[in-house]
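Undergrad: Quick one: structure below, then a few questions.
Computed from the coordinates by the stated procedures, all read-outs in this text should not be read as laboratory data. Bear in mind that the values here come from a model prediction, so they are computed numbers and not experimental data. Here Cβ is always computed from backbone atoms with ideal geometry, including for glycine, and neighbour counts include all displayed protein chains.
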Amino acid sequence: MRDRSRLTEKMLEMHNVHHERDIRYTMQLCRWILKPIGMWYPIYGHPSQSEKLISIALIFTCFSALCFVLIPAGVYTLFREKDINIKVKLFGPVGFCLTNTIKYCYLGARAAAFGKCIRHVEDDWRVVRYQDHRGIMLKNALIGRRITTLCAIFLYVGGLSYHTIMPLSSRQRINENYTIRLHTYPGYDLFFDPVASPAYEIVFCIHCLFALITYNITTAACSFAAIFVTHVCGQIQILMTLLDDLVEGKWSEGTTVEERLSAIAKHHMRILRFSTSVEEVLREICLLEIVTSTLTICLLEYYCLTEWENSDAVAILTYFILLISFTFNILIFCYIGELLVEQYSKIGSAVYEINWYSLSGKKALDLVLIIAMSHYPPKLTAGKIFDLSIYTFGAVLKTSVVYLNLLRTVTE
């Protein structure tokens with residue numbers, strides 16, 4: 001036990017003098033997204049007393065805003081509204097609110113597991129030895145940042161337009177002299193008059209706050225997937241450079257082939273363990289994303305067709321932007337899953353392309369296990385039901401169209 005702890009300490013010995021800056025660069029966008037919803041310190045750990053109080057206050061505020069929308073709108077949609085067309089029109093936003101509330105609770109419940117993955121990323125940054133390896137990791141960290149940025153842009157543009165432009169442009173005429181302003185989410189008339197000032201303005205502001213919270217939650221899930229998977233891809237690319245150096249040992253002067261092979265095996269196992277941890281912590285979120293995106297894309301297609309018949313240009317544009325946003329969001333998750341499998345599958349080719357024939361027979365045979373393992377790459381799954389891949393993305397789009405045809409048949 002003591003020898004194992006010494007070995008772990010030796011493996012995690014700091015080599016990268018820029019590790020603090022590199023870690024900050026990798027996790028910066030994720031930290032910016034999680035802090036406003038109060039989840040950064042529970043996940044990252046070791047908060048001060050003031051940070052604990054701030055996190056508790058933010059979590060209470062966010063959860064209150066989610067309940068403020070979900071409970072009245074859910075009750076109204078399920079029990080009070082009798083018109084099937086209006087009910088279907090409310091299913092999309094209310095369902096999105098419900099799934100984001102579940103994801104928010106999941107982030108809190110699995111905070112320790114997310115924190116463990118973050119610390120693994122930080123440890124990898126600390127022990128990187130060569131500038132070329134650091135460059136590989138920075139390149140993949142940049143890809144993760146870009147994926148997170150694109151996800152945030154699409155979600156915020158589509159979501160905020162739905163929560164601001166739509167209600168401000170919507171009016172319901174009662175008679176020639178009187179119109180009422182509509183909210184994005186109904187159901188508040190049981191408690192107060194939601195169209196009178198200042199109640200209307202207060203509810204409108206809370207709905208905007210709610211939109212920011214929900215899209216932060218969705219972007220946070222995408223950010224975790226992007227950061228962790230691109231980090232794995234970087235480690236795989238580093239593994240391939242170690243394989244290139246196995247025979248000649250140009251980068252590892254003073255080491256034997258056995259020592260270099262041992263380092264490769266340890267690095268490979270570390271990648272596999274981290275990939276397993278990432279899949280375990282993301283599988284439930286990925287399942288929610290697959291199910292939510294399939295139904296939401298179907299409903300948004302239905303809304304676009306309905307508003308086209310009503311000739312409502314503002315609603316058509318808003319729903320179309322949302323349709324692109326959610327389609328792109330599920331594409332990101334599927335692309336990330338595809339990227340992981342594609343990168344890991346390259347390990348077998350990388351092993352075969354080195355000068356393995358220059359090694360002794362016994363040492364060359366040691367490479368066979370790495371080649372064999374490359375045929376079973378770790379995958380991101382949606383609840384261990386679906387593998388996330390480009391094929392899955394196509395299946396989501398096909399399924400949404402099938403549901404759209406069924407929905408149009410039911411509502412006609």
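Undergrad: Where q = 0.13, 0.18, 0.23 Å⁻¹, what log10 of I(q)/I(0) comes from the Debye formula for segment 290-412, counting one point per Cα?
TA: -0.66, -0.94, -1.20
Undergrad: Helix hunt in the chain: which complete DSSP H runs extend at least 15 Å axially by C-alpha with mean Kyte-Doolittle at least 0.0?
TA: Result, helices passing both filters: 49-75, 84-109, 131-169, 199-244, 257-310, 313-353, 361-374, 390-411.
Undergrad: Compute the relative contact order of segment 11-154 as a whole-number percentage, counting only Cα pairs closer than 8 Å that sit 6 or more residues apart in sequence.
TA: Numbers: 88 pairs, mean separation 63.9, N = 144.
Normalised by residue count, the contact order of segment 11-154 is 44 percent.
Undergrad: For segment 264-412, build the charge dipole from Cβ charges (+1 Lys, Arg; -1 Asp, Glu) around the Cα centre, then report which of Leu397, Ala382, Ile264 sits farthest towards its positive end.
TA: Ile264
Undergrad: Please report, in Å, the Rg and the Dmax of the chain, where both are computed over Cα atoms only.
TA: Rg and Dmax of the chain, Cα atoms, are 25.4, 93 Å.
Undergrad: Could you order the peptides 44-52, 258-266, 380-388, 393-401 from most to least packed, using the average number of other C-beta atoms within 10 Å per residue?
TA: So the order, starting with the most tightly packed, is 380-388, 393-401, 258-266, 44-52.
Undergrad: Once the principal axes of the Cα atoms of segment 72-116 are found, what is the range along each, listed largest first in whole angstroms?
TA: Dimensions of segment 72-116 along the principal axes of its Cα atoms: 48, 14, 9 Å.
Undergrad: Go through 211-221, 317-327 and give me the packing order, highest mean Cβ count within 10 Å leading. Write out the running numbers ahead of the final one.
TA: Values: 211-221: 24.2, 317-327: 21.0.
The most tightly packed comes first, giving 211-221, 317-327.
Undergrad: About its Cα centre, how strong a charge dipole does the chain have in debye, to the nearest 20, once Lys and Arg get +1 and Asp and Glu get -1 at the Cβ? Provide the component values of the computation, followed by the final result.
TA: Values: 39 positive and 36 negative charges, 153 e Å.
Charge dipole, the chain, about its Cα centre: 740 debye, nearest 20.
Undergrad: Scan around Met39 for amide H atoms under 5 Å from its own, H built in the peptide plane at 1.01 Å from N, and keep only partners 5 or more places away or cross-chain.
TA: none
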